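The values are calculated or read from the model by the stated rules, or taken from the named source; none is laboratory data. The structure presented is a predicted model; accordingly, all values stated were derived computationally and were not measured. Positions of Cβ are backbone-derived with ideal geometry, glycine not excepted, and every protein chain shown enters the neighbour counts. Just the protein is used for accessible areas: all its heavy atoms, side chains included, with ligands, DNA and RNA removed. Shrake-Rupley method; radii C 1.70, N 1.55, O 1.52, S 1.80 Å.
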Amino acid sequence: MSIVQGYGAAGADPWPGKLDNRNPVDVAVAWDGLISPADGTPGGAGGALFDRLPELLTRSVIDRLITRDEPRWQPRVPTMGQSSEYGLAPLPFTAPPEPESHKVGFKAWQLAGVPSYELSIRGSTHYEWSQIPTFPTTSWCPSTAGGRCNGGFGRPMAEHYTLAWLDRWLKRSGETGYATADARLLDDSSWRDRSSFYYRSARSFSTRGGVAKVCEDIRAGC
């Protein structure tokens, strides 16, 4: 998603679509981390996991595997990154990780002056977003009453912020979600405790009223 949204930006490759001559992506949510356009460094749990496994692969090989020699792209549209603590392989930490490491992509968007948001869910794995039965998560679906996934820890947080971010940038006045989008994105009291205490969550965007909302460590308070 980091790359797809970035076609057509200044200094980037043009949109390669066959039906449209411009990039149709107006907003993005990247589940499990943003990528830095400067060097292809993955953010989120992907980058953190690679930092913990230097004995298996060199960083250059890892970056090639993730970015696959990606085209030129830049931060272009409002983008949210959502990251897990433990990625695909939920290995316990033997030492505290670098708390800023999940914000690699967020900082690139912030530097470019494009609205962005990065959140990391406490105790989570990549499978919070997959809903694959039996895979390790924070219990994303403790109840299936009515044929729906109800409750849980990580999944509701991911869903709340995903919908709020899309509503903030896509909805028009009078549409459901338009009026409450900013408040939902700033509802720290309801969701702060679900944020990772290993990795910092952050935001940098303006409300519909033009008020800047910048916070480098949401869990610590802003």
Exercise for the section: Assess whether G105 counts as being touching a Leu at 6+ places or on another chain (Cβ under 7 Å), modelled with pLDDT under 90 and within 18 Å of D32 (Cα to Cα). Expected result: no
Handout entry: From D217, D193, residue being of a type in the set (D, E, K, R) and farther than 30 Å from A38 by Cβ
Key = D193
Problem - Index of the failed condition, S196 passing every other in (1) farther than 25 Å from V77 by Cα; (2) surrounded by fewer than 20 Cβ atoms within 10 Å (Cβ to Cβ) - result: (2)
Practice task
For region 76-85, indicate whether the set of residues that are surrounded by 18 or more Cβ atoms within 10 Å (Cβ to Cβ), basic (K, R), at pLDDT 70 or above and part of a loop (DSSP other than H, G, I, E, B) is non-empty.
Solution key: yes
Practice task
Report whether or not P142 is surrounded by fewer than 23 Cβ atoms within 10 Å (Cβ to Cβ) and closer than 25 Å to E98 by Cα.
Solution key: no
Exercise for the section: Could you tell me which residue of region 110-128 is surrounded by the most Cβ atoms within 10 Å (Cβ to Cβ), considering only residues that are more than 23 Å from S204 (Cβ to Cβ) and in contact with a strand residue (DSSP E or B) (Cβ under 7 Å, 6 or more places away or on another chain)? Expected result: E128
Completion exercise
When every residue in region 18-27 that is out of contact with any helix residue (DSSP H, G or I) (no Cβ under 9 Å at 6 or more places or on another chain) and at pLDDT 90 or above is compared, the one nearest to S116 (Cα to Cα) is P24
Problem - Residue among K107, K103 that alone is assigned to a helix (DSSP H, G or I) and open to solvent by less than 60 Å² (accessible area, probe 1.4 Å) - result: K103
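Here is a yes/no grid of residues against (1) outside any loop (DSSP other than H, G, I, E, B); (2) more than 13 Å from the chain's Cα centre (by Cα); (3) buried (at least 20 other Cβ atoms within 10 Å of the Cβ); (4) at pLDDT 95 or above:
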{"residue": "I132", "(1), (2), (3), (4)": "no, yes, no, no"}
{"residue": "T137", "(1), (2), (3), (4)": "no, yes, yes, no"}
{"residue": "R155", "(1), (2), (3), (4)": "yes, yes, yes, no"}
{"residue": "Y161", "(1), (2), (3), (4)": "yes, no, yes, yes"}
{"residue": "W165", "(1), (2), (3), (4)": "yes, no, yes, yes"}
{"residue": "E175", "(1), (2), (3), (4)": "no, yes, no, yes"}
{"residue": "A179", "(1), (2), (3), (4)": "no, yes, no, yes"}
{"residue": "R203", "(1), (2), (3), (4)": "yes, no, yes, yes"}
{"residue": "D217", "(1), (2), (3), (4)": "no, yes, no, yes"}
